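I have placed the structure first, in the form of structure tokens, so that the comments after it can refer back to it.
The values are calculated or read from the model by the stated rules, or taken from the named source; none is laboratory data. Computed from a predicted model, the values in this text were never measured in an experiment. Quick reminder, even Gly has a Cβ in these numbers, built from the backbone with ideal geometry, and neighbours come from all protein chains shown. All accessible areas refer to the heavy atoms of the entire protein, side chains included, with ligands and DNA or RNA removed. Shrake-Rupley method; radii C 1.70, N 1.55, O 1.52, S 1.80 Å.
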Amino acid sequence: MDGSNYTGLPPNLLPNEASPEWMNKGDNAWQLVAATLVGLQSVPGLIILYGGAVKKKWAVNSAFMALYAFACVLVCWVTWGYRMSFGDKMIPFWGKPNVSLDEKFLLDQGFAGMFPNATMVFFQFVFAAITLILIAGAVLGRMNFYAWMLFVPLWMTFSYTVGAYSIWCPDGFLAKMGIIDYSGGYVIHLSSGVAGFTAAYWVGPRLSKDRENFPPNNILLMLAGAGLLWMGWTGFNGGDPYVVSIDASLAVINTHVCAATSLLTWIILDVVFFHKASVIGAVQGMITGLVCITPAAGVVQGWAAIIMGMFSGSIPWFTMMVVHKKVELFQKVDDTMAVLHTHAIAGSLGGILTGCFAKPNLNNLFFGKYAQYVGLFYGFSSGHVHTGFRQIGIQLIGILFIIGINVLITSVICILIQVIVPLRMSEEDMEIGDEAAHGEEAYAIWGQGDRPENSRYSTYNDVEVPVSKGAGQVAL
């Protein structure tokens, strides 16, 4: 390497064997930090959110399902999953399976960005992992852990990789069509919401008494997990330009503005209709806001993030609090953490609103193609009406594609698994919970069933004293 070409650079920026010419140290550093922030959303974020949001007897099982998924996805990802999602084309929606472990591959430049494949593999892994953990939220409180152990690698292999390749890989057919999914509104949230609801259908509901009364065992712990989830979204959306840029900064501020607006909207609706501000409702509003802005984060203006937050705090609220009670299918399928509403509906809403609000010059910053990506509203104002309607059409096609593959593939996986092991625990084991599933209890230190003074609930087998339902208990 000829050092004479870099005589004006400070020593710490000079390229060398460990820092090749194509690598940007700042971009590489931020990408690793962003990936770690997304990883923290899962471990420990969703682990403690799930552990705190469920009934005491399910705290260990719920947290363990998340921990297992994170570890299992990583091994599958580096062994075959990454290359199926971002590797050489096998068919228009799927890449060729291959390992991502050899030195030559890992230290070469990634398919995008100015950093090595090793960084890209890790960054994309944390997105794949959180998708499976979100699916777990729909089947908490009854799914056989051994069935879950099989479900995770199968779904990652045959469903996640299809969505990721189709939408995010440059060779994917939806990517070539011009779909806008900035950071996973389709690939992660719509997929997990639909797959979770489908899996919940096949697994079946919780025990009747659990479904009727499923109080969080530790709301403060749940809030801690929710806080990690919210702050971790800085990396979730801020890392997807693959560069330390003004677009990354815009994505971050839009993310938090939309989440805050959605949270406030949800609280206002709870107060107006239930006359009580619900902490659980606030968390759900936060999540729907984060999900809704995800496909649009760096390609819309700040005022659009406010509008999207208002929609994401109201439409999923309406589907959860009103439509859910009137539609027979929603009543039949027991979606424990309401992932259909908070992820599938909010993700679809975000995808459609992205097709409306995506600004051409911001799309140019992200995609490098000015004329191809035009939101509908800007199509009217710029005279590119046809292009704007085309963008809405592509966004809708993406929604239909993700829904279709996830209903089909998730159903096939569940049917195959139940041939090997039962999908759900036995009625007797569901009565007991963690002790039956894992031989462990979350709060065993409290004693052998002694009921604390002034406690509403016992500490043994979660036998509840009858209480009136509040607004926040609707979704769990």
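One residue is enough: does region 196-212 have a residue meeting the conditions of a type outside the set (Phe, Trp, Tyr), in contact with a His (Cβ under 8 Å, 6 or more places away or on another chain), open to solvent by less than 10 Å² (accessible area, probe 1.4 Å) and in contact (Cβ under 8 Å) with a residue 40 or more places away in the chain? Walk me through how you get there before you give the answer.
Restricting attention to region 196-212, the residues satisfying the condition of being of a type outside the set (Phe, Trp, Tyr) are 196, 198-200, 203-212.
Restricting the remaining residues to those that are in contact with a His (Cβ under 8 Å, 6 or more places away or on another chain) gives 196.
Then keep just the ones that are open to solvent by less than 10 Å² (accessible area, probe 1.4 Å); that gives 196.
Then keep just the ones that are in contact (Cβ under 8 Å) with a residue 40 or more places away in the chain; that gives 196.
Yes; the residues of region 196-212 include at least one that is of a type outside the set (Phe, Trp, Tyr), in contact with a His (Cβ under 8 Å, 6 or more places away or on another chain), open to solvent by less than 10 Å² (accessible area, probe 1.4 Å) and in contact (Cβ under 8 Å) with a residue 40 or more places away in the chain.
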| note | For region 269-282, pairs from a residue that is aliphatic (A, V, I, L, M) to a residue that is open to solvent by 40 Å² or more (accessible area, probe 1.4 Å) and assigned to a helix (DSSP H, G or I), with Cβ under 8 Å and 6 or more apart or across chains, are ALA277/ILE267; ALA277/VAL271; VAL279/ILE219; VAL279/LEU223; ILE280/ILE219; ILE280/GLN473; ALA282/ILE267
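Where in region 18-90 are there helices (runs of 4 or more DSSP H), lying wholly inside it, with at least 2 residues that are farther than 24 Å from PHE214 by Cα and not aromatic (Phe, Trp, Tyr)? Let's see the steps before the verdict.
Values: elements: 25-40, 47-53, 59-76, 82-86.
Result: 25-40, 59-76, 82-86.
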| task | Check ASN12, ASN28 and return the single one that is within 27 Å of ASP171 (Cα to Cα) and open to solvent by 20 Å² or more (accessible area, probe 1.4 Å). | result | ASN28
| query | Does VAL374 satisfy the criteria of being surrounded by fewer than 21 Cβ atoms within 10 Å (Cβ to Cβ) and of a type in the set (A, V, I, L, M)? | reply | no
| note | Note on region 178-222: residues under 26 Å from PHE366 (Cβ atoms) and over 11 Å from the mean Cα position of the chain (by Cα) are GLY178, ILE179, ILE180, ASP181, TYR182, VAL194
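Here are GLY351, GLY388: which of them is in contact with a Gly (Cβ under 6 Å, 6 or more places away or on another chain), surrounded by 14 or more Cβ atoms within 10 Å (Cβ to Cβ) and touching a residue at least 40 places away in the same chain (Cβ under 8 Å)? If you could, list the steps in order and put the result at the bottom.
On the way: GLY388 fails: touching a residue at least 40 places away in the same chain (Cβ under 8 Å).
Just one listed residue meets the conditions, GLY351.
Residues that are in contact with a Ser or Thr (Cβ under 9 Å, 6 or more places away or on another chain) and under 27 Å from TYR182 (Cβ atoms), at least 1 per element: which helices (runs of 4 or more DSSP H) completely within region 194-299 meet that? If you could, list the steps in order and put the result at the bottom.
On the way: elements: 208-212, 219-238, 246-274, 279-293.
Qualifying helices (runs of 4 or more DSSP H): 219-238, 246-274, 279-293.
With TRP266, TRP202 as the choices, which residue is among the aromatic types (Phe, Trp, Tyr) and touching a Cys at 6+ places or on another chain (Cβ under 9 Å)? Before the answer, list the steps.
Numbers: TRP266 fails: touching a Cys at 6+ places or on another chain (Cβ under 9 Å).
Matching residue, one of TRP266, TRP202: TRP202.
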| message | Can you pull out every residue in region 70-79 that is out of contact with any Ser or Thr (no Cβ under 8 Å at 6 or more places or on another chain) and surrounded by 18 or more Cβ atoms within 10 Å (Cβ to Cβ)? | response | CYS72, VAL73, LEU74
| field | Count of region 282-303 residues which are surrounded by fewer than 24 Cβ atoms within 10 Å (Cβ to Cβ) and either under 26 Å from LEU376 (Cβ atoms) or of a type in the set (S, T, N, Q) (or both) | value | 3
| query | Does VAL33 satisfy being of a type in the set (Val, Ile, Thr) and either crowded, with 20+ Cβ neighbours inside 10 Å or in contact with a Lys or Arg (Cβ under 8 Å, 6 or more places away or on another chain) (or both)? | reply | no
| message | It is to be established whether one or more residues within region 45-53 are in contact with a strand residue (DSSP E or B) (Cβ under 9 Å, 6 or more places away or on another chain) and at pLDDT 95 or above. | response | no
| request: Give the residues of region 80-109 that are under 19 Å from SER166 (Cβ atoms) and surrounded by 19 or more Cβ atoms within 10 Å (Cβ to Cβ), sorted by residue number. | output: TRP80, GLY81, TYR82, ARG83, MET84, SER85, PHE86, GLY87, PHE93, TRP94, GLY95
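Here is a check on your reading of the model: is VAL152 more than 21 Å from ILE399 (Cα to Cα), in contact with a Phe, Trp or Tyr (Cβ under 6 Å, 6 or more places away or on another chain) and modelled with pLDDT of 95 or more? Write out each step before concluding.
Numbers: more than 21 Å from ILE399 (Cα to Cα): yes; in contact with a Phe, Trp or Tyr (Cβ under 6 Å, 6 or more places away or on another chain): no; modelled with pLDDT of 95 or more: yes.
For VAL152, the condition - more than 21 Å from ILE399 (Cα to Cα), in contact with a Phe, Trp or Tyr (Cβ under 6 Å, 6 or more places away or on another chain) and modelled with pLDDT of 95 or more - is not met.
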| remark: Of the residues in region 415-431, those that are β-branched (Val, Ile, Thr) and open to solvent by less than 90 Å² (accessible area, probe 1.4 Å) come to ILE415, ILE417, VAL421
| task | Report yes if ALA118 is open to solvent by 20 Å² or more (accessible area, probe 1.4 Å), modelled with pLDDT under 95 and either in a helix (DSSP H, G or I) or closer than 22 Å to ASN28 by Cα (or both), otherwise no. | result | no
| Answer from TYR160, TYR186, TYR182, TYR165 - the residue that is crowded, with 23+ Cβ neighbours inside 10 Å and part of a loop (DSSP other than H, G, I, E, B) | TYR182
